[in-house]
Amino acid sequence: QMLDAEIALWEESGLTPRLWWRDDDTTELSVPLSKLSDLAAQFKVPVLLAVIPSLAKQELSAFVSSNPWLDAATHGFSHTNHGDQDTKKTELTENSLGRSVQDVAQELITSRKNMEDMFGLAASQILVPPWNRISTSALQTLPSIGFKLLSTFTDQKLSTDIHQINCHIDLMHWRPDRLAKTIREVTDELLICLQDRRISDFPKQPIGILSHHLVHDENAWEATEFLMSYFAKQPCIKTLTQAELLSLTH
């Protein structure tokens, strides 16, 4: 009821809530991936799969191309932690052991080629850094490599000319234990995001949902189905495709 009331306020203001769905860490076909695909098709919610380029199986290419509600984005290179011992996990960074920013750039060049070969140009132009982190030096290389869109988490704005469209609601609690959030928790977060976005200076900025199909338990799947079904039942809500996300960068 509170969500319905909030959506009504958007409509009264002549605004359209814009949402999008990102799912991280895809490498191969699996039962959870098929389940996510089925839900996306059932409720007509586009899902952008963050695919790990160096680990992606060729079979994924045909699977994504045959599922109109799935698209792909570039999820780093191999999802390997190169952070120093006293830092948070991060792949796209130089480090004290001799890994240079040029090494990171070369991996991303390879990632773009792999993704373009498997999923097309659009997939190779969207970068989702593993663990939602990238070093400042690596960030500066992205335009010359050819990335058009960067996606991390929350409304953090990194120092780059590349357009950013982030996620805001993660279906998982990662600490202290990896547990799924309940439907109540994710709807409470969605309500807050909608309220904040409506009264902000940028109400057209998309709100991102983040899932991780490989680690979903029953609660996570219930939350996934609830959110997708809710979006489908609300004609005021617009869920964005890969192409529509990229169009926002122009």
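Over the chain, dividing the summed -39,500 (n - 2.57) contributions of all DSSP H runs of at least 4 residues by the number of residues returns a 222 nm mean residue ellipticity of -11500 deg cm²/dmol. Measuring spread by the Cα atoms of the stretch 168-218 yields a radius of gyration and Dmax of 12.6, 37 Å. Estimated from the Cβ-Cβ distance and a Förster radius of 41 angstrom, the FRET efficiency linking residue 225 and residue 96 is about 0.35.
Along the chain, counting only trypsin sites (Lys or Arg not before Pro) with a DSSP assignment other than H, G, I, E or B and at most 16 other Cβ atoms inside a 10 Å radius, the longest segment between sites is 100-156.
For the stretch 14-96, the spread of Cα positions along the three principal axes, ordered from largest to smallest, is 47, 41, 17 Å. Pairwise inverse Cα distances across the stretch 119-201, averaged and inverted, put the Kirkwood hydrodynamic radius at 14.8 Å. Length available on full extension from residue 44 to residue 248: 0.36 nm per residue minus the Cα-Cα distance, which gives 71.4 nm. Here residue 57 and residue 15 are evaluated by their C-beta separation; at R0 = 41 Å the FRET efficiency comes out at 0.50. Among DSSP bridges having both ends in the chain, what percentage is antiparallel? Round to the nearest 5. Given both bridge residues lie in the chain, the antiparallel proportion sits at roughly 5 percent. Axis of helix 31-43 versus longest Cα principal axis of the chain: the two differ by about 40°, to the nearest ten degrees.
With 10 Å bins beginning at zero, the pair-distance distribution over Cα atoms of the chain amounts to 7, 32, 36, 21, 4, 0 %. Across the alpha-carbon atoms of the stretch 188-242, the computed radius of gyration and Dmax are 12.7, 37 angstrom.
What percent of all Cα-Cα pairs in the stretch 39-161 falls into each 5 Å bin, going from 0 up to the bin containing the maximum distance? Whole-percent P(r) values from 0 Å outward: 2, 11, 21, 22, 19, 12, 7, 3, 1, 0. Taking a point 7 Å out from the Cα of residue 215 in the direction of its Cβ, the residues of the stretch 1-32 whose backbone N falls within less than 12 Å of it are 24-25.
Each residue, residue 144 and residue 78, gets one label point 7 Å from its Cα in the Cβ direction; the gap between the two is 2.4 nm. The C-alpha atoms of the chain define a longest principal axis, and helix 183-198 lies at about 90 degrees to it.
What residue among 228, 194, 211 has its Cα farthest toward the positive end of the dipole of the stretch 188-228, where the charges are +1 on Lys, Arg and -1 on Asp, Glu, each on the Cβ? Toward the positive end, the furthest listed residue is 194.
Where a number appears in this text, it was derived from the coordinates with a stated rule and is not lab data. No experiment lies behind these values; they were computed from the predicted model shown. Reconstructed Cβ throughout: ideal geometry from the backbone, glycine too, with neighbour counts over all protein chains shown.
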